[in-house]
1. Using R₀ = 22 Å, calculate the FRET efficiency as 1/(1 + (r/R₀)^6) where r is the Cβ-Cβ separation of Y42 and R20; round to 0.05.
2. So with the 1.4 Å probe, I'd like the accessible area per residue for segment 20-83, rounded to whole Å².
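The values are calculated or read from the model by the stated rules, or taken from the named source; none is laboratory data. Worth saying up front: this structure is predicted, and the values here are computed from it rather than measured. As a convention, Cβ positions derive from the backbone with ideal geometry for all residues, glycine included, and neighbour counts pool all protein chains shown. Protein only, heavy atoms only, side chains kept; ligands, DNA and RNA dropped before computing areas. Shrake-Rupley method; radii C 1.70, N 1.55, O 1.52, S 1.80 Å.
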Amino acid sequence: MTAPTPAPLSPPSLEPSADRAAGAIVGAFIGDALGLGPHWYYDLDELRRDFGPWISGYTDPKPHAKYHAGMKGGDLSQTGIIMLHLLRSLADRGGYNESDFTRRLDEQFLRCLTAHLMSVPADTPTTPSAKSGRPESRKGNLGARPAAMQIHRKPPNESPCWPPAMP
């Protein structure tokens, strides 16, 4: 006697709008993870030099990358992690609750970061010139700029909270 073939598993049916929303959320997480390696490249020649002509999968950040050092291809960036905290808050509270969401960020996200103050010379290009489209200096009109803050993820050995635990 042959055992009966089990019925195929199918996901619970969703209303079309809920299905589209779920797809958008999954797509946002996939896009965030795909962008981790090449994040913060604004020069296409540099991007192609470091990653080739086409990015078709998850990539590790390069050792000289400004951000995401120590992370691996497929990890979520800071944006993805903030989305994850927002979704957890929405699910736990049944809707948006600002105090719950910001508490989560304070307790579970911001403590995972370290900040470094950097002095920025007054003649550092900052904004595109309306005339040329190239960055122009603020020197001469605003004087010295205040120090800028650069935020980095703490190294894994210093941060037991990264990546965030999955439910």
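1. Details: r = 32 Å, r/R0 = 1.44.
Once rounded, the FRET efficiency stands at 0.10.
2. Numbers: 4050 Å² over 64 residues.
I get 63 Å² per residue for segment 20-83.
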